[in-house]
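Novice: My questions all concern the structure below.
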Amino acid sequence: MNIDATPTRTLRADPARRSIDIIDQTRLPLALHWVRIASLEAAAEAIRAMQVRGAPLIGVTAAYGLAIALASEASEARLDAAIAILGATRPTAVNLHWALARLRRLLLPLPPARRADAAWAEAAAIAEEDVAQNAAIGRHGLGLLRQIPPRRGQTLNVMTHCNAGWLATVDHGTALSPVYAAHDASLPVHVWVSETRPRNQGLLTAWELARHGVPHTVIADNAAGILLRAGRVDAVIVGADRIAANGDVANKVGTYLKALACADNDIPFYVAAPRSTLDFACPDGNAIPIEERDGDELREVRGVDAQGAPSALRQLPPGEAVANPAFDITPARRVSALITERGVCPASRDGLLRLYPENFHS
């Protein structure tokens, strides 16, 4: 996507130095800062600390992290140890584990001397696949958006949640890919951006929409219901961190509430995700692990001070009991359709079977 008219990806690979550069998303939206990742530990910390966010980008970063880890030693013990370290960083986003499993299947039969180069090539392939799949999601989603008559005027109003845009992937995004496709095709579109507490990923959505020139408005999470009820939203599109084989969706906490409000107001609720987010080994949403994050994400509000330096403001005492589940589950029956790189399908086993028959076994 564009940063002020300059085409940019979220991850830059340097094969000669066996390193990658990433955008430190903890510094956004107030500062654009690139960070070099040149070690296994740095890659794991970037994922754990949410310097990279979004299931697809987490998967690509993990793939490169494994390749970086094998540059100095590529024994089977080093391979498995690196996979264990990277795999422990985020439990819910299945793309992470999908990418690591893909590399392990490829690398294990190879002699150690060939593994480092093969790992780097495969990580690059995963990154390019991410770009192509997200572009396809945009094309399929644009077809859906063209069929929705705006409720007010000529502009189509789309609501989203969390950040499932360009910043959550290598390029294009998932939930925002149809929005970018619509904007670039001159279809008038406006985005209602939920702030998405407590990590405020919606502020990243607003930042990237602004850089690409897409009209948008940031709202408090709790304002979503009244906008949906008042007919000021034509469709909701969200991403996903894991989709079970029956179509149940795990996404950033607060997603389920939007799905319920959409159902109550006859507004389509779409989920956009690539193949790497589909977990065909997971029968339903009850089997998806829900990450419980540090309570200080609720006890503190982070931003910058008057001098522009990163700062934290405490809003609860250190000992205050808090619950901080990072994700929730939206039942398949509340999802109007899944938008994937292979097309649009019902959120159901039969719908996924039609698009991905090779992943189902009797």
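Novice: Once both labels are modelled 7 Å past Cα along the beta-carbon direction, what's the Glu320-Thr8 spacing in nm?
Specialist: Label at Glu320, label at Thr8, 3.5 nm between them.
Novice: For the chain, compute Rg over Rh where Rg is the Cα radius of gyration and Rh is the Kirkwood radius from the inverse mean 1/r over Cα pairs. Show your work: numbers first, answer last.
Specialist: Details: Rg = 19.9 Å, Rh = 20.7 Å.
That ratio is 0.96, to two decimals.
Novice: Share of the chain's accessible area from carbon and sulfur, percent, 1.4 Å?
Specialist: Values: 7710 of 14740 Å².
Of all accessible area on the chain, carbon and sulfur atoms account for 52 percent.
Novice: Another question, if that's okay. According to a simple spin-label model (label point 7 Å from Cα along Cα-to-Cβ), what is the distance in nm between Arg232 and Ile148?
Specialist: Those two pseudo-labels are separated by 1.6 nm.
Novice: When the chain is fully extended, how far beyond the present Cα-Cα distance does Ala125 get from Ile219, taking 0.36 nm per residue of separation? Can you show the working numbers first?
Specialist: On the way: separation 94, 0.36 × 94 = 33.84 nm, distance 3.72 nm.
Difference between extended and current length: 30.1 nm.
Novice: Where the centre of each part is set by its Cα atoms, how far does the stretch 161-192 sit from the stretch 6-76, in angstrom?
Specialist: 22 Å
Novice: Per residue, how large is the accessible surface of the chain? Use a 1.4 angstrom probe and give square angstrom. Don't skip to the answer; put the middle values down first.
Specialist: Details: 14740 Å² over 362 residues.
Spelled out: the 1.4 Å probe surface of the chain, per residue, equals 41 Å².
Novice: Taking 0.36 nm per residue of separation and subtracting the Cα-Cα distance, what length does fully extending Asp294 through Ala210 add? Mind showing how you got there, number by number?
Specialist: Details: separation 84, 0.36 × 84 = 30.24 nm, distance 3.02 nm.
Length gained between Asp294 and Ala210: 27.2 nm.
Novice: A follow-up question, please. Under the 0.36 nm per residue contour assumption, what length would be gained going from the current alpha-carbon distance of Glu73 and Ser186 to full extension?
Specialist: On the way: separation 113, 0.36 × 113 = 40.68 nm, distance 5.08 nm.
Computed gain between Glu73 and Ser186 is 35.6 nm.
Novice: What FRET efficiency comes out for Arg36 versus Ala281 if R0 is 30 angstrom and r is the Cβ-Cβ distance? Round to the nearest 0.05. The partial results should precede the final answer.
Specialist: Numbers: r = 35 Å, r/R0 = 1.17.
Efficiency for this residue pair is about 0.30.
Novice: Can you work out ³J(HN,Hα) from phi for every residue in the stretch 307-320, in order, using Karplus 6.51 cos²θ - 1.76 cosθ + 1.60 and θ = phi - 60°, giving whole Hz and x for Gly and Pro?
Specialist: Per residue, the Karplus-derived 3J(HN,Hα) values read 8, x, 8, x, 8, 10, 10, 7, 10, 9, x, x, x, 5 Hz.
Novice: Okay, next question. Any idea what the relative contact order of the chain is, in percent, if you count C-alpha pairs under 8 Å spaced at least 6 apart?
Specialist: Working: 745 pairs, mean separation 57.5, N = 362.
Worked out over the chain, it gives 16 percent.
Novice: Given R₀ = 45 Å, what would the calculated FRET efficiency be for Ala16 paired with Ala306, taking r from the Cβ atoms and rounding to 0.05? Please list the in-between numbers first.
Specialist: On the way: r = 42 Å, r/R0 = 0.93.
It comes to 0.60.
The values are calculated or read from the model by the stated rules, or taken from the named source; none is laboratory data. Keep in mind that this is a model prediction, so the values were computed, not measured. Neighbour counts are summed over all protein chains in view; Cβ atoms, including those assigned to glycine, are modelled from backbone coordinates with ideal geometry. Calculation scope for accessible area: heavy atoms of the full protein, side chains included, ligands and nucleic acids excluded. Shrake-Rupley method; radii C 1.70, N 1.55, O 1.52, S 1.80 Å.
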